[in-house]
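Below is one structure; the comments refer to it alone.
The values are calculated or read from the model by the stated rules, or taken from the named source; none is laboratory data. Here the structure is a predicted model, which is why all the values come from computation and not from measurement. Cβ coordinates were reconstructed from backbone atoms using ideal geometry, including for glycine residues, and neighbour counts include every protein chain displayed. When the accessible area is computed, the model is the full protein with side chains, heavy atoms only, and any ligands, DNA or RNA have been set aside. Shrake-Rupley method; radii C 1.70, N 1.55, O 1.52, S 1.80 Å.
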Amino acid sequence: MFCYQCQETAGGKGCTVCGVCGKKPDVAAMQDLLISVTKGLSCVADRLRREGRRVGKEVNHLVTMNLFVTITNANFDRQAIIERIRETLDVKQKLLSQTENVSGLPHAALWNGDVGEFDAEAAAVGVLATEDEDIRSLRELITYGLKGLAAYSKHANALLQDNEDVDAFIQRALAKTLDDSLTVNDLVALTLETGKYGVDGMALLDKANTEAYGHPEITTVDIGVRKNPGILISGHDLRDLEMLLEQTAGTGVDVYTHSEMLPAHYYPAFKKYPHFAGNYGNAWWKQKEEFEKFRGPVLMTTNCVVPPADSYKDRLWTTGATGVPGCRHIGGAYGETKDFSALIEQAKKCPPPEEIETGRIVGGFAHEQVFALADKVVDAVRSGAIRKFVVMAGCDGRMKSREYYTEFAKKLPKDVVILTAGCAKYKYNKLDLGDIGGIPRVLDAGQCNDSYSLALIALKLKEIFGLNDVNDLPLAFNIAWYEQKAVIVLLALLYLGVKNIHLGPTLPAFLSPNVAGVLVKNFGIAGIGTVDDDLKLFFG
Ligand code: SF4
Ligand code: SF3
């Protein structure tokens, strides 16, 4: 196997024996093949569009779901991935028969095979099949960005919202990653175009979430426990949460959020459920210890899943793109109501969760809420009470080097405000950093996709202060990344013209020295240093 798509890749170079995430070589092989056949399907779909044909939503949804399945910590179930490869090949064969002309299509578009041939094909189509390291680097950077974009599109699709332009782009771009005629410059341009569609994809999801559940508002979330049995729901899919809350109403079972589901509490629509109890635990990587202590069923709606210990495997359920061999999976197409009754029955027999923390955290600072506070914020900036903002959005992870972010938050000058989104916030959202004239010093916009809110807030501040360039704002970017959703967030920020983003705890292994050089030269991208050096750099 060879995989280097996440920040924790072995030795900062690539996982070759087994994934640091727990992905086994036989699963990695099927993920490689799933990507290859999805690229093949995308080539054919793109060809059909060029011939003036319509490509159905089922194809768009298949492509985005396949990409999502291969995101870090989403799916460890080889058999489930094999089924998806089969389905993708079937759909592709049907589309191939509709094209007027198959000439010039790449191998991945024309290949078909039985399950007995899957491993041999997988071995030939992995990341290292592209020999030139710069072309490989850009192809992977684009593919990982598209994975993140696909994940966000999927959540919007689950709320019955689609953007055909985004789907058509995803497929066109996937097809281009197989096009040997493209140069480094062509692929750099495609990388930035991916960022443009990243903005569109996040805007689509923002619209889908806020139309369905209202605009996030300032909310205090309990992090302790109650006395009833509970279900813990993790991941990013708000539609799954809605169905779970509906089905648990009046059953005596409470629902708690975990990790990236925390921001669900900020939406008005979910406040009507008295059994929506609070948030339990921290970011994804502590789940082995915390799921044990939760004592009730846990529903994973998306990444990040850590392969579970046997002791709680029968309480871990997956749905959507996630999968773990030996854990039960709950199906359901978009628009259908998923059936969570077995999970609820299991919860009723479980003891209530063990208390691991007490207290409260505050969040809900997405764009509309911050715009409502704009006068206060602008006054604080004009009076000098707020000197600067620092965007610290992104992911958390298990590496010790991430303690940098806790340390950085603690040592920030007291007149600096953190803007955050994503599970990166768990590194500092339980510190008591206080407020500035009633404005908390950690403003949490929501999930990683809500980095879109942070971009809107920056653009609004630029307008209010009458600036021409977003980089003239008193705003620094110190972003933590781990998986591919952070890649699309980064590309979206670059597309919006944000410069001098610091990315840590390490730069991606998939950036070749030359590609990293392009990002440094054109966008001022940099890694992180020591906390003290970086504080000096950002705040003088
Ligand atoms: Fe390694 Fe990350 Fe790939 Fe898992 S997702 S195999 S940890 S690079
Ligand atoms: Fe976290 Fe996995 Fe990326 Fe949505 S849950 S941010 S790491």
- Query: Thr183: open to solvent by less than 10 Å² (accessible area, probe 1.4 Å) and of a type in the set (Ser, Thr, Tyr), yes or no?
  - Reply: no
- Residues (basic (Lys, Arg) and in a loop (DSSP other than H, G, I, E, B)) located in region 299-329: Arg315
- Task: Looking at (1) away from ligand 1 (no atom under 16 Å from the Cβ); (2) within 23 Å of the chain's Cα centre (by Cα); (3) outside any loop (DSSP other than H, G, I, E, B); (4) not hydrophobic (A, V, I, L, M, F, W, C), find the lone condition where Gly332 falls short.
- Result: (3)
- Item | The one condition in (1) in a loop (DSSP other than H, G, I, E, B); (2) touching a strand residue (DSSP E or B) at 6+ places or on another chain (Cβ under 9 Å) that Leu178 fails to fulfil | (2)
- Query: Which members of region 286-333 meet the condition of being more than 16 Å from ligand 2 (Cβ to nearest atom) and small (Gly, Ala, Ser)?
  - Reply: Gly296, Ala309, Ser311, Gly326, Gly331, Gly332, Ala333
- Query: Residues that are at negative phi and within 16 Å of ligand 1 (Cβ to nearest atom): which helices (runs of 4 or more DSSP H) entirely in region 10-111 hold 3 or more of them?
  - Reply: 25-50, 57-69
- Task: Looking only at region 117-128, decide whether some residue is free of Cβ contacts under 8 Å to residues at least 40 places away in the same chain and touching an Asp or Glu at 6+ places or on another chain (Cβ under 7 Å).
- Result: no
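Yes/no per residue for (1) open to solvent by 50 Å² or more (accessible area, probe 1.4 Å); (2) more than 16 Å from ligand 1 (Cβ to nearest atom); (3) assigned to a loop (DSSP other than H, G, I, E, B):
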{"residue": "Leu241", "(1), (2), (3)": "no, yes, no"}
{"residue": "Gln247", "(1), (2), (3)": "yes, yes, no"}
{"residue": "Gly250", "(1), (2), (3)": "yes, yes, yes"}
{"residue": "Val255", "(1), (2), (3)": "no, yes, no"}
{"residue": "Met261", "(1), (2), (3)": "no, yes, no"}
{"residue": "Ala264", "(1), (2), (3)": "no, yes, no"}
{"residue": "Pro274", "(1), (2), (3)": "yes, yes, yes"}
{"residue": "Gly278", "(1), (2), (3)": "no, yes, no"}
{"residue": "Glu292", "(1), (2), (3)": "yes, yes, no"}
